Amino acid sequence: MREFDYRRAHDVPGALALLDAEPEARFLGGGTNLVDLMKTGVERPARLVDVRDLPLDRVESTSDGGLRIGATVTNSDLAAHPEVRRRYPALTQAVLAGASGQLRNMATVGGNLLQRTRCGYFADITKPCNKRVPGSGCPAIEGEHHNHAVLGASEHCVATHPSDMGVALAAFDAVVSYETPDGPGTLPFADFYLPVGDTPHRETALPPGALITGVTLPPTPVAARSRYRKVRERASYAFAIGSIAAALDVQGGVVHDVRLAFGAVASRPWRARTAERVLIGATADAETFAAAADAELAAARPLPHNAYKVTLMRNLVVAELTRLTEEAAR
Ligand SMILES: Cc1cc2nc3c(=O)[nH]c(=O)nc-3n(C[C@H](O)[C@H](O)[C@H](O)COP(=O)(O)OP(=O)(O)OC[C@H]3O[C@@H](n4cnc5c(N)ncnc54)[C@H](O)[C@@H]3O)c2cc1C
Ligand code: SF4
């Protein structure tokens, strides 16, 4: 591992200045992803700016009835927060589905959003990888890709985003706040992750050197009736091979409001807006749910070894929307 300088920031301007002063610096949250990547040589920062002492560790209600979540809130504290559990239960379930208790105690909201793909070629510096070394190629397309993307990928990269938390944030229209030396900014979640295209190494629309300060969830009444379901290759402590955040409001047998987002199928948490459009105003039954899933998944472009994800996601949509419909009827 390359030697690095470690600094602890105590306020936001100080954190930005410490990062700005060293071109090869990185912010450090819980370190559960960055430090692993440093050990394998994928990341070689000259300085780490630890952000965990910044005053960004609160979950607070906003005046309009939403929630503001600070960037250094740990995954454990986020999942346990009573207002998150009450108003956005799928967010709690998504966070608890990720990693392990020890990791969630360390991992932060900001770091979770910026965690890197688990593609094995990306993690192995002896292999080519367009995301790690632009222009070097994508061996996953001809090689090991059983857990790679079926939606929104390109011939330059077929990696997935591994975050569970991000899937719920996508479903609930989260807005990411950040600070830069030039001032603050916000990014709606739909614009936060960039399309893959021919620049898979550029993952987010954050300006260079930006510090994520928090995530705001708008008031979303339907989110109170939401679920997160994750499918993985073993029962715990594994990344998803497919997941879904779903929220549903059925009135008189008709879909009044719905939110759907998929995980582990694209380079970013995938908001299923096509499916939502099919569902709104339609009869809440398995046939409609399957038609909505099919409409969304019509854009899927599976590779030889990951076509199972299309069936998996279709089944998840039908199962979770059916379950939410049954729960609402009780
Ligand atoms: C064994 C294992 C299993 C896991 N399983 C899952 C799983 O099932 N589901 C899941 O979703 N995740 C899983 N994870 C990933 C885990 O959720 C992430 O590692 C974690 O959320 C990253 O948060 P962190 O605070 O530790 O980030 P760090 O490792 O500290 O940082 C990650 C990146 O974010 C940047 N960063 C951190 N904070 C900020 C900020 N405020 N502003 C700007 N940049 C910032 C860092 O510079 C770095 O580039 C697993 C991890 C491990 C090691
Ligand atoms: S899928 Fe993306 S991350 Fe994986 S090898 Fe290809 S370019 Fe690299």
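The values are calculated or read from the model by the stated rules, or taken from the named source; none is laboratory data. Keep in mind the model is a prediction, meaning the values are calculated, not measured. All Cβ positions, glycine included, derive from the backbone under ideal geometry; neighbour counts span all protein chains shown.
Of everything in segment 72-126 that is of a type in the set (Ser, Thr, Tyr) and more than 14 Å from ligand 1 (Cβ to nearest atom), the residue that is surrounded by the fewest Cβ atoms within 10 Å (Cβ to Cβ) is Thr126. Just a yes or no: is a residue in segment 117-136 under 30 Å from Glu327 (Cβ atoms) and more than 9 Å from ligand 2 (Cβ to nearest atom)? Scanning segment 117-136, I find no residue that is under 30 Å from Glu327 (Cβ atoms) and more than 9 Å from ligand 2 (Cβ to nearest atom), so the answer is no. Can Gly253 be described as surrounded by fewer than 24 Cβ atoms within 10 Å (Cβ to Cβ) and modelled with pLDDT of 95 or more? Yes. May I ask you to say which residue of Val167, Val175, Val215 is surrounded by fewer than 23 Cβ atoms within 10 Å (Cβ to Cβ), away from ligand 2 (no atom under 16 Å from the Cβ) and either under 19 Å from the mean Cα position of the chain (by Cα) or of a type outside the set (Gly, Ala, Ser) (or both)? The match here is Val175. Taking the criterion of being of a type in the set (D, E, K, R) and touching a helix residue (DSSP H, G or I) at 6+ places or on another chain (Cβ under 7 Å), the only residue of segment 267-293 that qualifies is Arg271. When we screen Thr72, Thr92, Thr40 for residues that are under 20 Å from Arg118 (Cβ atoms) and of a type in the set (Ser, Thr, Tyr), the only hit is Thr40. Selection of first residues in segment 119-143 that are modelled with pLDDT under 95 and of second residues that are more than 6 Å from ligand 2 (Cβ to nearest atom) and of a type outside the set (Val, Ile, Thr), restricted to Cβ pairs under 6 Å at least 6 apart or on distinct chains, gives an empty result.
The condition (being out of contact with any Lys or Arg (no Cβ under 9 Å at 6 or more places or on another chain), within 13 Å of ligand 1 (Cβ to nearest atom) and closer than 27 Å to Arg202 by Cβ) is satisfied by just one residue among Val12, Val51, Val42: Val12.
Evaluate the following for Pro184: is it surrounded by fewer than 19 Cβ atoms within 10 Å (Cβ to Cβ), part of a loop (DSSP other than H, G, I, E, B) and away from ligand 2 (no atom under 14 Å from the Cβ)? Judged against the criteria, Pro184 is not a match.
Of all residues in segment 180-197, those that are in contact with a helix residue (DSSP H, G or I) (Cβ under 9 Å, 6 or more places away or on another chain) and closer than 25 Å to Lys131 by Cα total 5. Of the helices (runs of 4 or more DSSP H) entirely within segment 35-107, those holding at least 2 residues that are among the hydrophobic types (A, V, I, L, M, F, W, C) and away from ligand 2 (no atom under 16 Å from the Cβ) occupy 75-80, 89-96, 101-106. Taking every residue in segment 262-280 that is under 17 Å from Leu321 (Cα atoms) and not assigned by TED's automatic domain parsing to the domain that holds Val250 and pairing it with any residue that is surrounded by 20 or more Cβ atoms within 10 Å (Cβ to Cβ) and among the aromatic types (Phe, Trp, Tyr), at least 6 positions away or on another chain, yields no pair with a Cβ-Cβ distance below 8 Å. Of all the numbered requirements in (1) outside any helix (DSSP H, G or I); (2) in contact (Cβ under 8 Å) with a residue 60 or more places away in the chain; (3) over 21 Å from the mean Cα position of the chain (by Cα); (4) within 11 Å of ligand 1 (Cβ to nearest atom), Phe27 misses one, and that requirement is (3).
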